[in-house]
Amino acid sequence: IYMTQERSEADYAASYFGGKPEDYDVIKTFGRIADGSNEAYNRLYNLAIQGFKDDADYFTAQGMNPDGTRNAEHERLVDVDNLIDFMLSEYFGGDKDGPGGTFSTGNNYYTIYNREEPDGFKFFEHDSEHSLGLGLDDMTDYSLGGERGKPSKRSFNPHWLHERLAENAHYRKRFTEHTEKHFFDGGALTPDAVLNRIETREKQIDKAIIAHSARWGDDSMTRDHWLDSVSELK
């Protein structure tokens, strides 16, 4: 059974968003550079340290004027819609080992930025096995290990960026709109939609679990134990 998630690096970015791999900066956990450079990421960090309470600061980070219209002279450094959906996934899944988890400061994420056609850093889940009831459920009680007010560049992460952006009323309104979209009226995070995804994946790997258990399992890791875990998840 193979990992179902692609590694969100430069080749991935070019495949899904266009351009060439060398067009992209990719930063991962603890500010490590996977591709390109961290120059733009450092600029986003500096804006986050400054804060986004004022509308001018909030819109500048998105390459906009204070009224929300596009300004080509301002670098678009954050994709707000992407970040909100990333955070809804974090809150919903309760990913203990993610950027807002308790294992470390800012663990397990990738972020991608197109230097040639800047449309904001986009954040991606990574290594999220401590999720959906398997880890810490409440991700709102967030702490950055004493660095909450001003994290180092190593600790800078999407969860803290989200909390800084949430100081602005425009961001909170946008967050509310995404919540209403995904958690109500057949949205992606309504119970039926989530159960459908789980059952689709369950059917895909049902037979493979038998071989997987034969290769790696023991008397506590059989197909029946897997079925019990899936049932508990549902």
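Observations on the model:
- Every pair of residues 6+ apart whose Cβ atoms lie under 6 Å, when the first sits in region 1-12 and is open to solvent by less than 100 Å² (accessible area, probe 1.4 Å) while the second is acidic (Asp, Glu): GLU9/ASP35; ALA10/ASP35; TYR12/GLU6
- Qualifying residue in region 96-114 (condition: assigned to a helix (DSSP H, G or I) and either surrounded by 19 or more Cβ atoms within 10 Å (Cβ to Cβ) or basic (Lys, Arg) (or both)): no
- Scanning region 20-30 for residues being touching a strand residue (DSSP E or B) at 6+ places or on another chain (Cβ under 9 Å) and open to solvent by 60 Å² or more (accessible area, probe 1.4 Å) gives a total of 1.
- Subset of region 31-64 (residues that are among the aliphatic types (A, V, I, L, M), closer than 12 Å to ILE112 by Cα and open to solvent by less than 40 Å² (accessible area, probe 1.4 Å)): ALA34, ALA40
- Just one of (1) modelled with pLDDT of 95 or more; (2) touching a Lys or Arg at 6+ places or on another chain (Cβ under 8 Å); (3) open to solvent by 50 Å² or more (accessible area, probe 1.4 Å) fails for LEU136. It is (1).
- Exactly one residue out of GLY100, GLY106, GLY94, GLY120 is modelled with pLDDT under 90, at positive phi and in contact with a Phe, Trp or Tyr (Cβ under 9 Å, 6 or more places away or on another chain), and it is GLY106.
Here is a yes/no grid of residues against (1) farther than 20 Å from ARG164 by Cβ; (2) among the hydroxyl-bearing types (Ser, Thr, Tyr); (3) touching a residue at least 60 places away in the same chain (Cβ under 8 Å):
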position	(1), (2), (3)
GLY36	yes, no, yes
TYR45	no, yes, yes
GLY51	no, no, yes
GLU129	yes, no, no
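The values are calculated or read from the model by the stated rules, or taken from the named source; none is laboratory data. For clarity, every value in this text was computed on a predicted model and none was experimentally measured. Here Cβ is always computed from backbone atoms with ideal geometry, including for glycine, and neighbour counts include all displayed protein chains. Side chains are part of the model used for accessible areas, which takes the heavy atoms of the whole protein and leaves out ligands, DNA and RNA. Shrake-Rupley method; radii C 1.70, N 1.55, O 1.52, S 1.80 Å.
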